[in-house]
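Everything on this sheet refers to the single structure shown next.
Laboratory data are not the source of any read-out in this text; all were calculated from the coordinates shown. Note that this is a predicted model, so its numbers are computed, not measured. Quick reminder, even Gly has a Cβ in these numbers, built from the backbone with ideal geometry, and neighbours come from all protein chains shown.
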Amino acid sequence: MSERIETVVLDSEGLSAWITQDRKLLAMLKVFHDMGAELVVGANTIVEVSHTRTNMPRLNWALSRIKVEPVTEHAAKAAAQLLKDTGLHGHKYAIDATVAEAALRQPKPVAVLTSDSDDSDDSDDMAKLCGNQVRVIPL
């Protein structure tokens with residue numbers, strides 16, 4: 001990864017991979033850490049990754065090391081506007097839109113680590129939501 005990244009936003013897949021200590025993700029996080037990038041997650045992503053099998057101590061440890069962005073009324077309205085602007089709608093895209101909105105507010109250059117990649121069924125939803133202002137990195 002030659003380009004400098006200032007901020008890295010994790011979606012639910014990224015946060016889950018960190019909790020489960022996925023080797024690929026940990027290697028990526030080391031590269032970002034070495035370049036001084038700040039890690040960010042949206043508050044509702046915490047809800048999305050929490051279930052009965054979630055290692056809660058590990059989740060809490062990860063959260064203590066990253067910036068958690070709240071989903072305020074202003075952020076929710078901006079995320080809704082992103083959905084409207086891209087022609088996406090419904091619960092399937094709601095959290096992705098809040099992740100994208102949080103990413104767009106971070107110090108640039110910004111990368112989003114996401115499961116929403118070119119080879120997924122949803123193909124480029126995150127790229128549509130973020131436009132060309134955020135680098136989308138598939139997991």
field: Highest to lowest packing among 45-57, 70-82, scored as the average C-beta count within 10 Å
entry: 70-82, 45-57
- line: Measuring from its Cα centre, the chain shows a charge dipole (+1 at each Lys and Arg Cβ, -1 at each Asp and Glu Cβ) which, in debye to the nearest 20, is 480
field: Karplus 3J(HN,Hα) series, Hz, for the stretch 80-96 with 6.51 cos²θ - 1.76 cosθ + 1.60 (x for Gly, Pro)
entry: 4, 5, 4, 4, 4, 5, 9, x, 9, 7, x, 5, 4, 10, 4, 5, 4
task: Place a label point 7 angstrom from the Cα of Arg105 along the Cα-to-Cβ direction, then list the residues of the stretch 65-84 whose backbone nitrogen is under 14 Å away.
output: 67-82
task: Would you kindly derive the ³J(HN,Hα) couplings of the stretch 125-134 from the backbone phi angles with the Karplus curve 6.51 cos²θ - 1.76 cosθ + 1.60 (θ = phi - 60°), listing them in order in whole Hz, with x for Gly and Pro?
output: 4, 5, 5, 4, 5, 8, x, 8, 8, 9
query: Given H placed on each backbone N at 1.01 Å, which residues far from Leu39 in sequence or on other chains put an amide H within less than 5 Å of it?
result: Val8, Lys67
message: Could you tell me the relative contact order of the chain? Use alpha-carbon pairs under 8 Å, at least six residues apart, and round to a whole percent.
response: 30
message: Applying a 10 Å radius around every beta-carbon, put 127-133, 32-38, 93-99, 8-14 in order of their mean neighbour count, most first.
response: 8-14, 93-99, 127-133, 32-38
- line: Straight-line reach check, Lys108, cutoff 25 Å on alpha carbons, 8 or more apart in-chain or any other chain, hits among lysines -> Lys24, Lys30, Lys67, Lys77, Lys84, Lys128
task: Would you grab the residues whose amide H sits under 5 Å from the one on Arg135? Only those 5+ places off in sequence or on another chain, please, with H modelled 1.01 Å from N.
output: Val110, Ala111, Val112
